[in-house]
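The values are calculated or read from the model by the stated rules, or taken from the named source; none is laboratory data. Computed from a predicted model, the values in this text were never measured in an experiment. Ideal geometry is used to build each Cβ from the backbone, glycine not excepted, and the neighbour counts take in all protein chains shown. What goes into the accessible areas is simple: the full protein's heavy atoms, side chains included, and nothing from ligands, DNA or RNA. Shrake-Rupley method; radii C 1.70, N 1.55, O 1.52, S 1.80 Å.
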There are 2 protein chains.
Amino acid sequence: MNQEINTDNVKAQMRKGILEYSILSILSKGDEYASSLIKILKDASMIVVEGTLYPLLTRQKNQGLLNYRWEESPQGPPRKYYSITDKGREMLSELDVTWKEIIDSIEIIRNTPNQ
Amino acid sequence: MNQEINTDNVKAQMRKGILEYSILSILSKGDEYASSLIKILKDASMIVVEGTLYPLLTRQKNQGLLNYRWEESPQGPPRKYYSITDKGREMLSELDVTWKEIIDSIEIIRNTPNQ
DNA sequence: ATATAGTACTATGCAATACATAGTACTAAG
DNA sequence: CTTAGTACTATGTATTGCATAGTACTATAT
């Protein structure tokens, strides 16, 4: 029980840094609004809550990685559609490398004998 | 320049949660002391500093995942050798699953078209 | 004997971000 | 007008990596 809670906590810590990469990835394939992003992430088993996502999107906007425009929704309040900038695409490419490095590091650590 | 700093920052955030997994992995293969752990991690391109590692080892000890014993060193101060507990091995197995889930999530997010 | 260098461990404040929570606002339906 | 569903804003809390300061042990040099 306590162990399960702890595993969830480790997973939450693992999400730090990863979500920024995930958002840029999704938007590189097309513009989306926040609730849609949450759904896409959830479908990929990456659970994120609004309190996390909105500040993250704001940070990325302020860093010039994203832009947004308002668009009327079919039957609710207007939606804020986010799109990735050229700078965001460059960042995404760098994060591709960074993520690969992380995976390789874990692979080595997990499967190579200590010296 | 500012972008490089930002990538390093993202990588530091990504390390959160991952280091716990890394430490258990290393110790599952044999006992080590802190400076040795730092070297093994560094060799796998996972840079960690003492200010991070020692509190982390202490936390894991307090959670029952590790144990330690003092051992005289060849030519310096005594060393604190850490070993993994059965509980630590169980945790490691769970983190194997957790890590795989994260990788799969990123794979989906990075390579599947949005709906 | 004392100072220095190398090695190893302890303590703590700071920065960053995920999360929980509270709230505002828009639109449609009751 | 009220309620429900949807979408966004704001903020305090918890956690952990990092920077920094310090203590302690052993060997070597002065």
Taking each label point as 7 Å beyond Cα in the direction of the beta carbon, state the distances from residue A:101 to the same residue in the other copies, shortest first, in nm.
2.8
Shortest-first distances to equivalent copies, position residue A:55, nm, label 7 Å out along Cβ
1.8
How long is the gain from residue B:107 to residue B:58 if the chain were fully straight, where each residue apart is worth 0.36 nm and the alpha carbon distance is subtracted?
14.3 nm
Mean Kyte hydropathy of 1.0 or more with a Cα span along the axis of at least 27 Å, helices from DSSP in chain B
none
Please give the FRET efficiency for residue B:43 paired with residue A:100, using the beta carbon to beta carbon distance and R0 = 22 Å, rounded to the nearest 0.05.
0.80
For the rotation that superimposes chain B on chain A, which residue of B has the C-beta lying nearest to the axis, and at what distance in Å?
B:16, 2
Of B:29/B:80; A:16/B:29; A:29/A:100; A:42/B:87; A:42/B:29; A:16/A:42, which sit over 25 Å apart, Cα to Cα?
A:16/B:29; A:42/B:87; A:42/B:29
Using distinct alpha-carbon pairs, which all enter the 1/r mean, Kirkwood radius of the protein assembly as shown in Å:
19.3
Specify the inter-centroid distance of segment A:44-115 and segment B:58-81, based on alpha-carbon positions, in whole Å.
38
Could you tell me which of rounded, prolate or oblate describes segment A:19-111, using a ≥ b ≥ c as the square roots of the eigenvalues of the alpha-carbon gyration tensor, with rounded for a/c under 1.5 and, failing that, prolate when a/b is larger than b/c and oblate otherwise?
prolate
Ignoring ligands, DNA and RNA, how much accessible area is buried between chains B and A, both sides summed, with a 1.4 Å probe, to the nearest 100 Å²?
4500
If the label for residue B:9 sits 7 angstrom from Cα along the Cα-to-Cβ line, what are its distances to the same label in every other copy, in nm to one decimal, shortest first?
2.7
